[in-house]
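Take this structure first; my questions come after.
The values are calculated or read from the model by the stated rules, or taken from the named source; none is laboratory data. The structure displayed is predicted, hence computed values, not measured ones. Please note: Cβ atoms are built from the backbone with ideal geometry, for glycine as well, and neighbour counts cover all protein chains shown.
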Amino acid sequence: MRCELGDLPNGSAATVSIVVTPFRTGLLTNRARVDAAAYEVNPADNAVTLQTPVIALADAWVQRQAITVPPAAPRSLTRP
């Protein structure tokens, strides 16, 4: 993936957010690098690698069901 951020002044920052849906558990490795057309005094700080653990979620769901109970036959109520 490539993001064109245009010209950034010296010392400034830009943020790029990427959302992924992993299909397996384990470590997800992210690498980012920036390049400049101008002379770079310290090119070693232009790259970063980050590992994110991916864990499995429970494979469960909740289901609701209504059960209809037929009404009872009418009864006479007597008072003592």
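Which members of the range 47-69 meet the condition of being modelled with pLDDT of 85 or more and out of contact with any Lys or Arg (no Cβ under 6 Å at 6 or more places or on another chain)?
Val48, Leu50, Gln51, Thr52, Pro53, Val54, Ile55
Starting from residues that are in a loop (DSSP other than H, G, I, E, B) and either surrounded by 10 or more Cβ atoms within 10 Å (Cβ to Cβ) or modelled with pLDDT of 85 or more (or both), keep the ones in the range 29-40 and report whichever is farthest from the chain's Cα centre (by Cα).
Within the range 29-40, the match that is farthest from the chain's Cα centre (by Cα) is Glu40.
Let me ask another. Looking at the range 41-50, which of its residues are touching a residue at least 12 places away in the same chain (Cβ under 8 Å) and either surrounded by fewer than 10 Cβ atoms within 10 Å (Cβ to Cβ) or in contact with a helix residue (DSSP H, G or I) (Cβ under 6 Å, 6 or more places away or on another chain) (or both)?
Those that are touching a residue at least 12 places away in the same chain (Cβ under 8 Å) and either surrounded by fewer than 10 Cβ atoms within 10 Å (Cβ to Cβ) or in contact with a helix residue (DSSP H, G or I) (Cβ under 6 Å, 6 or more places away or on another chain) (or both): Thr49, Leu50.
Consider only pairs whose beta carbons are under 6 Å apart and that are at least six residues apart or on different chains; among these, list those whose first residue lies in the range 1-27 and is part of a loop (DSSP other than H, G, I, E, B) and whose second residue is of a type in the set (Val, Ile, Thr) and surrounded by 10 or more Cβ atoms within 10 Å (Cβ to Cβ).
Matching pairs, first to second residue: Pro22/Val54; Thr25/Val54.
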